[in-house]
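Asker: I have a structure here, written as structure tokens, and I will follow up with some questions on it.
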Ligand code: ARG
């Protein structure tokens, strides 16, 4: 079965209908209907401008406003009949409006094209999405600060190369993520400025012959300004690429945290427990409790990278101005928005469901010579050049390892064998608490500094 060309608004110059396959291939309504609110908002602003400029009668505007109210209600309540024959969200809404209010509906598209209409809808949609994401990011970051505060002084091994390096506190570690997600928020805020420009008025590509007022439409829709060039306005999707790249970076940070959570929850490590509601069991191994949420988030990171790559490739080499290729921008974008918002929501909740197993962190700290650097620093303060101190401590570590003990378990005489400058005060330096407390500057891991950083973090939220 084929469709009658008369069903299409553009059917005038066609003599043959498209096949069902082509119809399905070219239609976007199944996914772009998600932007119905933005589409109606944009249309109403456009209609008000047309009426103000005397391009549309006051009566037509009233009809359009009334009709759009009905359309919105029908969509909201699920009564609206979306039709593939009408290609996309724009034509579906316009057709229904016309059925409801007659000629006024047909006049709505004066001085406008679907090219500037869709670009406007996406920008409105993305702006809303960014605002939602900012709220979620804030909730997540404040959950991280709460966790950091609870564990501000809890010692854990800090790692480099996944080898025990130096003691840090778990709170300090959480605040590292607070910083990363803070920069992600800044990126979204910055991207929003470039999203928040009005394409309407560009029409198909060259502008329009009607005496339109683009500034008025921009103000109605809360845009910070208009897109300066009509060709650019309808054709570029760099703002969507930029948004998705901010999503990709955010997910990269999520994947780092996820990897740590998965590792920390392994019984071999045992640094944390994650509340049961974020884990699942195994259908065969009764003992299993798997950290599914962080694992999936790690996996979904690849998915968002993929969406970024899709959009970059979609835009590559496209000649000016609008090309139908651009219809393919929506699914990657929507998928990135879905993934990011679900992930942030679940992580904000999950951060509150993390229990720290301080005893296991402590045990790991005593197994990796975590205070070796502190001993070297101590020797430097006693007058040794750092390189010599480094070497002396290396010998001490070797001896401790051979005896199966940690550095603080070596006797004063044993330590003196490697470096005669060592005195009794060395043991204060070799403890984890001493090591932590001595890193007492802004950005350091001393519990007092972590608490100060938490106070600053709360101020920034
Ligand atoms: N559905 C189209 C899109 O997503 C709307 C613009 C169509 N414009 C056109 N000239 N066919 O890009």
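The numbers here are math on the coordinates, done by the rules we state, and not lab data. Given the structure is predicted, the values throughout are model-derived calculations rather than measurements. Cβ atoms come from the backbone with ideal geometry, glycine included; neighbour counts cover every protein chain shown.
Asker: What is the distance in Å between the Cα centroid of the stretch 137-178 and that of the stretch 442-461?
Answerer: 11
Asker: In what sequence do 266, 230, 438, 258 fall when counting other Cβ within 10 Å, fewest first?
Answerer: Exposure proxy ranking, most exposed first: 266, 438, 230, 258.
Asker: Test of understanding: what is the full-extension gain from residue 409 to residue 252, defined as 0.36 nm times their sequence separation minus their Cα-Cα distance?
Answerer: Net length gain for the segment: 52.4 nm.
Asker: Okay, next question. Identify the residues of the stretch 165-187 with backbone N under 12 Å of a label point that sits 7 angstrom from the Cα of residue 263 along the Cα-to-Cβ direction, or state none.
Answerer: Counting only backbone N, you get 165.
Asker: Could you check what % of the DSSP bridge pairs in the chain are antiparallel, to the nearest 5?
Answerer: Beta bridges within the chain, antiparallel portion: roughly 85 percent.
Asker: Sort 284-297, 114-127 by packing, meaning the average of other beta carbons within 10 Å per residue, with the highest value first. Please list the in-between numbers first.
Answerer: Details: 284-297: 14.9, 114-127: 24.7.
By packing density, highest mean first, the sequence is 114-127, 284-297.
Asker: Over 20 Å intervals from 0, what percent of Cα-Cα pairs in the chain sits in each interval?
Answerer: 20, 38, 25, 13, 4, 0
Asker: Continuing with this model, one more query. 7 Å from Cα along Cα→Cβ at both residue 10 and residue 395: what's the point-to-point distance in nm?
Answerer: 8.3
Asker: What is the stretch 107-257's relative contact order, in percent, from Cα pairs under 8 angstrom and six or more apart in sequence?
Answerer: 29
Asker: For helix 58-76, what angle does its Cα long axis make with the longest principal axis of the chain, in degrees from 0 to 90 and rounded to 10?
Answerer: With both axes taken from Cα atoms, the answer is about 50 degrees.
Asker: Then there's this: Could you tell me how far the Cα centroid of the stretch 83-100 sits from the Cα centroid of the stretch 219-288, in Å?
Answerer: Centre-to-centre (Cα) distance: 34 Å.
Asker: Continuing with the same structure: Would you work out the relative contact order for the chain, in percent, from Cα pairs under 8 angstrom that are 6 or more residues apart?
Answerer: Answer for the chain is 16 percent.
Asker: I've got another one for you. Relative to the present Cα-Cα distance, how much length would full extension add between residue 284 and residue 367 at 0.36 nm per residue of separation?
Answerer: 26.4 nm is the gain from fully extending residue 284 to residue 367.
Asker: Now, a different point. How many angstrom lie between the C-alpha centres of the stretch 315-369 and the stretch 388-419?
Answerer: Between the Cα centre of the stretch 315-369 and that of the stretch 388-419, the gap is 44 Å.
Asker: What FRET efficiency, computed as 1/(1 + (r/R0)^6) with R0 = 30 Å and r the Cβ-Cβ distance, is obtained for residue 65 and residue 189, rounded to the nearest 0.05?
Answerer: 0.35
Asker: So how do 133, 254 line up by other beta-carbon neighbours within 10 Å, fewest first?
Answerer: Going from least to most buried by this count: 133, 254.
Asker: Could you give the nm distance between label points at residue 448 and residue 150, where each point is 7 Å from its Cα heading toward the beta carbon?
Answerer: 2.7
Asker: On to the next question. Rg over Rh of the stretch 258-381, using C-alpha atoms and the Kirkwood radius, what does it come to?
Answerer: Rg/Rh: 1.21.
Asker: Could you line up 272, 64, 442 from fewest to most neighbouring Cβ atoms inside 10 Å?
Answerer: Ordered from fewest to most neighbouring Cβ atoms within 10 Å, 272, 64, 442 come out as 442, 272, 64.
Asker: Quick one: work out the % antiparallel among DSSP beta bridges in the stretch 137-265, nearest 5.
Answerer: Once the DSSP bridges in the stretch 137-265 are tallied, antiparallel ones form about 75 percent.
Asker: Still on this structure, please answer the following. Give me the one-decimal Kirkwood hydrodynamic radius in Å for the stretch 68-159, with the sum taken over alpha-carbon pairs.
Answerer: On the way: mean 1/r = 0.0577 Å⁻¹.
Kirkwood radius, the stretch 68-159: 17.3 Å.
Asker: Can you compute the helix-only [θ] at 222 nm over the chain? Use -39500 (n - 2.57) per DSSP H run of at least 4 residues, normalise by all residues, nearest 500 deg cm²/dmol.
Answerer: It comes out at -20000 deg cm²/dmol, rounded to the nearest 500.
Asker: Suppose R0 equals 56 Å; then what is the FRET efficiency for residue 387 and residue 323 from their Cβ-Cβ distance, rounded to the nearest 0.05?
Answerer: 0.35
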